[in-house]
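Working notes, beginning with the structure itself.
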Amino acid sequence: MQVLVRDNNVDQALRFLKKKLQREGVFREMRLREHYEKPSVKRAREKAEGVRRTRKLAQKKLNRELGIVTAKKPRTAERAK
């Protein structure tokens, strides 16, 4: 993975790198690998994640069909820079 640093702005490049890693799921995988997870616990977690994902997609589909628009969070002043 590669991130370009523009105008020696390392802070901005670091934020961009963190966003990329977050999107790829690296932080989540690191957290899961910190400790051993029994196979039975892993199966239960993966099943629960699948159920959650399916419910979320079904809810989004229903909202689209009914024409319900969810309000987006307003951007804070410091993020709007």
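Let's see how each residue does on (1) within 15 Å of the chain's Cα centre (by Cα); (2) among the charged types (D, E, K, R); (3) in a helix (DSSP H, G or I); (4) on the phi > 0 side of the Ramachandran plot:
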{"position": "GLN22", "(1), (2), (3), (4)": "yes, no, yes, no"}
{"position": "GLU49", "(1), (2), (3), (4)": "yes, yes, yes, no"}
{"position": "LYS61", "(1), (2), (3), (4)": "no, yes, yes, no"}
{"position": "ARG64", "(1), (2), (3), (4)": "no, yes, yes, no"}
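Within the range 34-69, the only residue that satisfies the criterion of being of a type in the set (Ser, Thr, Tyr) and open to solvent by 100 Å² or more (accessible area, probe 1.4 Å) is TYR36.
The values are calculated or read from the model by the stated rules, or taken from the named source; none is laboratory data. Every value quoted in this text rests on a predicted model; they were computed, and no experiment measured them. All accessible areas refer to the heavy atoms of the entire protein, side chains included, with ligands and DNA or RNA removed. Shrake-Rupley method; radii C 1.70, N 1.55, O 1.52, S 1.80 Å.
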